[in-house]
1. Can you tell me the length gained on complete extension of the stretch residue 162 to residue 179, counting 0.36 nm per residue apart and subtracting the Cα distance?
2. Which FRET efficiency value, to the nearest 0.05, do you get for residue 35 and residue 84 by plugging their Cβ-Cβ distance into 1/(1 + (r/R0)^6) with R0 = 35 Å?
3. Expressed as a whole number of Å, what is the distance separating the alpha-carbon centroids of segment 1-30 and segment 47-80?
4. Counting helices only, and only those DSSP H runs with n ≥ 4, report the 222 nm mean residue ellipticity of the chain as the sum of -39,500 (n - 2.57) divided by its residues, in deg cm²/dmol to the nearest 500.
5. What ranking, highest mean first, results for peptides 38-48, 101-111 when packing means the other Cβ atoms within 10 Å averaged over each residue?
6. Rounded to the nearest 5, what % of the DSSP beta bridges within the chain are antiparallel ones?
7. If r is the Cβ-Cβ distance from residue 98 to residue 75 and R0 is 30 Å, what FRET efficiency results, to the nearest 0.05?
8. Just for the Cα atoms in segment 93-194, what are the lengths along the principal axes, largest first, rounded to whole Å?
């Protein structure tokens, strides 16, 4: 019980520390994207890829935003890994999708990517490609020093309150934050059943 209580206490503390201004910046980017009929590409790896897939559904179904998850097509993902290398899977996917300045990239990542440590380089290359195409970039990450924090137009950094639980806390708050966004009355066009 001690661990469970501590884990819950940490989540409550994070909730109280979330910078809502950063979430509001993401909201404003999404509102502009929707108004301009741009597309939303949601990217992540590992658990964040699962979150990205779920978020694609919610933005499409609840908000009427054309959204895609580049990690969702396992055949293309593995073919690109084989032919172009893991580091290029997302940038090449976005290139084929004709990413433009009307579009937006939303990244979910625990560490936010690091070139020095060679972590999530595929996300970094996708972000760089998005910048080259003048697309808007937003992210929800768990490390303020992450590369995505430096390149994003809007970035919510999930506060670190327990160095042993950064991954589960960040991935949980990715879910929490995108649900805040898809439930926001300025974005949501269809109510959930429950």
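1. Numbers: separation 17, 0.36 × 17 = 6.12 nm, distance 2.34 nm.
The span from residue 162 to residue 179 would gain 3.8 nm if fully extended.
2. Details: r = 34 Å, r/R0 = 0.97.
The pair residue 35/residue 84 has a calculated efficiency of 0.55.
3. First find each Cα centre; the distance between them is then 23 Å.
4. -16500 deg cm²/dmol
5. On the way: 38-48: 22.5, 101-111: 24.5.
Going from most to least packed, we get 101-111, 38-48.
6. Working: 1 of 17 bridges.
Looking only at bridges with both residues in the chain, the antiparallel portion is about 5 percent.
7. Numbers: r = 20 Å, r/R0 = 0.67.
For R0 = 30 Å, the calculated efficiency reads 0.90.
8. Taking max minus min along each principal axis of the Cα atoms, segment 93-194 gives 44, 40, 20 Å.
Here, each number is a calculation from the coordinates, and none is a lab measurement. If you're wondering where the values come from, they're calculated on a predicted model, not measured in any experiment. Cβ coordinates were reconstructed from backbone atoms using ideal geometry, including for glycine residues, and neighbour counts include every protein chain displayed.
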